[in-house]
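Here's the structure we're looking at; comments come further down.
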2 protein chains.
Amino acid sequence: MTETRVERKERTRRAILDAALELCEGQPLAALSLRQVAKQVGIVPTAFYRHFESIDQLGLALVDESFSSLRSLLKAARTFDSPPANDRALFLAVVDNSVKALVTHVPKADRHYRFIARERLAGSATVREAVRHQLELIERELATDIARVPGAGRWSGDDLLILANLLVNAMLSHAEELALAGGRADVVRRVESTARRQLHMVLIGALSWDSSR
Amino acid sequence: MTETRVERKERTRRAILDAALELCEGQPLAALSLRQVAKQVGIVPTAFYRHFESIDQLGLALVDESFSSLRSLLKAARTFDSPPANDRALFLAVVDNSVKALVTHVPKADRHYRFIARERLAGSATVREAVRHQLELIERELATDIARVPGAGRWSGDDLLILANLLVNAMLSHAEELALAGGRADVVRRVESTARRQLHMVLIGALSWDSSR
DNA sequence: GTTCTCGGTGTACAGACGTACACCGAAACT
DNA sequence: AGTTTCGGTGTACGTCTGTACACCGAGAAC
């Protein structure tokens, strides 16, 4: 059983990421020591440096990992083979797809999202910035998609961003709750219906909104 | 210059709270050591125990302190000597008052709110629970106030809570941004207008909402 | 005026921390 | 086949951690 060197390196790298994620549960990354992580992985402390130059860099890797799948998933939820006829039906379909994507995906990677929730505001400056950046990308992608809806002509660019911000914040708080639920079916169902109803309210209200008052 | 014993105790207690709040900037409470706090205050490490039995208990005290003024402030923003005539005007007035309360109060106690933002999800289990509890109180108080609006009759109890949840989450995210802005006037103004516009959108939409679809 | 209470002090210790350094052995390169 | 690369090891250090213990001195209680 010989193992190529890159394979082996990748394997322990993964082990470090997993160990950090596990040890992090219920405490911020900054409260984690290099030695704890190393012990959990089963390597000597100094070997950690072969993979990351600091706990902080490890955090950045975890942020990238967490967001990579989510963004493509959300974008996919908003693209249709045959888009619904009117704006109202389109909005409702988008909401349903997005919410469904969220409730199926987040519980599957809940440790990652608990990590994001914690580090978003409590992490080191660089980690916080990385999370903020990813969320801003999601927000902008959403705003562009909304702008493509025919009836959105009455909306100013500012109002589009403000609306997208409202929606992303709402989804974020639901994602956090889902992540904390640890996959409990009743909580997942409750969050799903709450999220759907909230987004319906906002978007149905938005349809009758006119930026020029 | 004699000082009564309770006065002196209260004074160092305050000094400990302030020191913790200051040392916390940019890092979670859990990453703080008892010795750091003691050094900042200018007392010997063991003297800390005369006031708090752990860093965690100190955290709970900070949570209480942070929320005490906010809740009464928000409630006050929703009570009128002479309430506006129609629902729409009432909603707009409530939004204006609440947003104004937020943007004047949060920057004045921004260190407390940065602390809350960090610890809400990254703190120890007991601190997290304390924050969650306070937010839930705010949410329920808001729901009861909305229910009193005459035109809210069409709203089911569930939908009221869902709406309140949406509003509080939006305000929370704006409070976080305000706290992080550190009082920079341009940011404060931008957040103020964003918040007002978002809440207008939601509440104006809500007026045409009917829980029975 | 004597005694008690209690916030704050100083010393002391065992353990965990980050990291520097020299080293090993097998995969990878030539 | 000989040499280089590099992930992982083991030791060793100075520093910081929480906390136990004995002690002090001034305000409070009697």
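Values quoted throughout were computed directly from the atomic coordinates according to the rules given, and no laboratory measurement underlies them. From a predicted model like this one, the values you see are computed outputs, not experimental measurements. When we count neighbours, we look across all protein chains shown, and the Cβ atoms used for this are built from the backbone with ideal geometry, even at glycine.
Summing +1 for each Lys or Arg and -1 for each Asp or Glu, what net charge is found among the other residues whose Cβ lies under 15 Å from the Cβ of A:T144? If you can, show how the numbers build up before the last one.
Numbers: positive: A:R71, A:K75, A:R78, A:R140, A:R148; negative: A:E136, A:E139, A:E141, A:D145, A:D158, A:D159.
Around A:T144, the charge tally is -1.
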* Between the stretch A:55-108 and the stretch B:30-71, how many Å separate their Cα centres? -> 41 Å
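Could you line up B:S66, B:S212 from fewest to most neighbouring Cβ atoms inside 10 Å? Don't jump to the answer; show the numbers that get you there.
Values: B:S66 20, B:S212 7.
Fewest-to-most Cβ neighbours within 10 Å comes out as B:S212, B:S66.
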* Closest Cβ on chain B to the rotation axis that carries it onto A (distance rounded to whole Å) -> B:G205, 1
* Among the lysines, which have Cα under 24 Å from the Cα of A:K100 when same-chain residues fewer than 8 positions away are ignored? -> A:K75, A:K108
* Asked: Any idea how far apart A:A15 and B:T79 come out in nm if each label point goes 7 Å out from Cα toward Cβ?
  -> 6.3 nm
* Tell me, B:T194, B:T104, B:T12, A:T46 in order of fewest to most beta-carbon neighbours within 10 Å? -> A:T46, B:T104, B:T12, B:T194
* DSSP-loop GluC sites (Glu not before Pro) across the stretch B:27-123, with at most 15 other Cβ within 10 angstrom -> B:E53
* Asked: Which distances, in nm and shortest first, link the B:G153 label point to the same label point in every other copy, taking 7 Å along Cα→Cβ?
  -> 3.9
* To do: Can you pull the one-decimal nm distance between simple spin-label points at B:A89 and A:T2, each 7 Å off the Cα toward Cβ?
  => 8.7 nm
* Would you kindly work out, in nm and rounded to one decimal, the distances from the label point of A:E7 to those of the same position in each other copy, ordered shortest first, with label points 7 Å along Cα-to-Cβ? => 7.6
